[in-house]
């Protein structure tokens, strides 16, 4: 996440805390550039013992991660749990935009939050209103530039970090080629998306929305029954063909950060042909998800945060994996096959309570891709560390 940890390190140091940062590759090191950096060059098998030594030598009281599903992070979480050292996990927000996840112990499928709707209603009733919240700027160009810088630094220093292995299934060069092909067709893809949006708005045909997630996402590999997005797509299209009412359509939307290595448009077309619904499935290669979600009959999600976006608009949702928001009264609990004919809307009272508790325990204002957004994240994260309430913005 670019300079997130550098900025957090600077803020914690200024607040009087000692900070150390483990760098696993050249990208980590490039974005840290502060005192307290520790280059880890050992193997994954040696990492538990090495981490225990670091924790003891540096007298560490808290450990911070971005995401908890990377190999080294899962080991770190286990080691810290055994040593009773709190682990705090950053992730992109359960609710977006303008919030980031900052949860103790684990996120998503590893979260310790309850799945009992009554607990949310009771807990929310005891909480004060959410402080005034405002939008924060976010730059896709900045995100892309920082991602490129990180990967270049990683590739150029693999000789030094000889035991490092990226958690993603593709080499950075392969991903770069995929992005180049995708960006080369950007105008064409945007035109296709605009044409489909006009047709959806002009048509009276009801449709469901299936926003794709990233094929490399740990939420798919570890917190769903699927090995990848192709398998999930097959299940959704097959169920739609067998159970969705005649005259209903399915819109498959590409993830905005998909790297273009796999042609999901062609894969979707092939699946539609295989199950005999070519004339009822549309593919949306780009564009804002909000307007297409707002007009949909319901949203099918594996465990994407797009689910909370739809739920916040009162759109029915069914979850195929493990999601923090898959709660009775919020999402449909009867399974995918039944969802097409009975997409029940979320209970507004339960979802509002869920959202309030989530903000209190797991979210902080801000973002990762502008200085203003990072300033908010750092201020609120330090307040959480120090046990202080949410700060006024």
Original post:
Is it true that some residue in segment 96-111 is without any contact (Cβ under 8 Å) to a residue 60 or more places away in the chain, surrounded by 21 or more Cβ atoms within 10 Å (Cβ to Cβ) and in contact with a helix residue (DSSP H, G or I) (Cβ under 6 Å, 6 or more places away or on another chain)?
Top reply: no
**OP:** Determine which single condition residue 174 fails, assuming it passes every other condition in (1) touching a residue at least 24 places away in the same chain (Cβ under 8 Å); (2) more than 30 Å from residue 296 (Cα to Cα); (3) touching a helix residue (DSSP H, G or I) at 6+ places or on another chain (Cβ under 7 Å).
**Re:** (3)
Subject >> Residues located in segment 331-348, provided they are in a helix (DSSP H, G or I) and crowded, with 22+ Cβ neighbours inside 10 Å >> reply: 339
Original post:
Of all residues in segment 109-150, how many are in contact with a strand residue (DSSP E or B) (Cβ under 7 Å, 6 or more places away or on another chain) and either at pLDDT below 85 or farther than 19 Å from residue 90 by Cβ (or both)?
Top reply: 2
**OP:** Considering only segment 140-169, state which residues are surrounded by 13 or more Cβ atoms within 10 Å (Cβ to Cβ), within 19 Å of the chain's Cα centre (by Cα) and not in a helix (DSSP H, G or I).
**Re:** 166, 167, 168
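Considering only segment 366-377, state which residues are over 16 Å from the mean Cα position of the chain (by Cα) and either closer than 13 Å to residue 133 by Cβ or surrounded by fewer than 22 Cβ atoms within 10 Å (Cβ to Cβ) (or both). Spell out how you get there, then give the answer.
We begin by selecting, within segment 366-377, every residue over 16 Å from the mean Cα position of the chain (by Cα); these are 370-377.
Across segment 366-377, the qualifying residues are 370, 371, 372, 373, 375, 376.
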**OP:** Would you check if there is a residue in segment 121-131 being touching a residue at least 40 places away in the same chain (Cβ under 8 Å) and under 21 Å from the mean Cα position of the chain (by Cα)?
**Re:** no
Subject >> Within segment 178-191, tally of residues that are surrounded by fewer than 17 Cβ atoms within 10 Å (Cβ to Cβ) and under 20 Å from residue 282 (Cβ atoms) >> reply: 6
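Among the candidates 67, 42, single out the residue that is in contact with a helix residue (DSSP H, G or I) (Cβ under 7 Å, 6 or more places away or on another chain) and either free of Cβ contacts under 8 Å to residues at least 24 places away in the same chain or closer than 20 Å to residue 107 by Cβ (or both). Break it down into steps so the answer makes sense when it comes.
On the way: 42 fails: either free of Cβ contacts under 8 Å to residues at least 24 places away in the same chain or closer than 20 Å to residue 107 by Cβ (or both).
Just one listed residue meets the conditions, 67.
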**OP:** Name, by its number, the condition in (1) touching a strand residue (DSSP E or B) at 6+ places or on another chain (Cβ under 9 Å); (2) modelled with pLDDT of 90 or more; (3) surrounded by 15 or more Cβ atoms within 10 Å (Cβ to Cβ); (4) over 22 Å from residue 323 (Cβ atoms) that does not hold for residue 91.
**Re:** (4)
**OP:** Name the one entry in 300, 318 that is part of a strand (DSSP E or B), assigned by TED's automatic domain parsing to the domain that holds residue 227, surrounded by 22 or more Cβ atoms within 10 Å (Cβ to Cβ) and touching a residue at least 60 places away in the same chain (Cβ under 8 Å).
**Re:** 300
**OP:** Select from segment 200-217 the residues that are free of Cβ contacts under 8 Å to residues at least 60 places away in the same chain and under 12 Å from residue 284 (Cα atoms) and list them in ascending order.
**Re:** 212
Subject >> From the options 281, 289, 359, 315, residue that is in contact with a strand residue (DSSP E or B) (Cβ under 9 Å, 6 or more places away or on another chain), modelled with pLDDT under 95 and under 25 Å from residue 199 (Cβ atoms) >> reply: 289
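Going by what's in this entry, would residue 351 be described as closer than 16 Å to residue 116 by Cβ and buried (at least 22 other Cβ atoms within 10 Å of the Cβ)?
Values: closer than 16 Å to residue 116 by Cβ: yes; buried (at least 22 other Cβ atoms within 10 Å of the Cβ): yes.
The answer is yes for residue 351.
Looking at segment 65-88 only, could you name the residues that are in a strand (DSSP E or B) and within 17 Å of the chain's Cα centre (by Cα)?
Residues of segment 65-88 that are in a strand (DSSP E or B), as a first pass: 65-66, 87-88.
Residues satisfying the conditions are 65, 66, 88.
The values are calculated or read from the model by the stated rules, or taken from the named source; none is laboratory data. As the structure is a computational prediction, the values presented were derived from the model and not from experiment. Because the Cβ atoms are built from the backbone with ideal geometry, glycine has one as well, and the counts that use them run over all protein chains shown.
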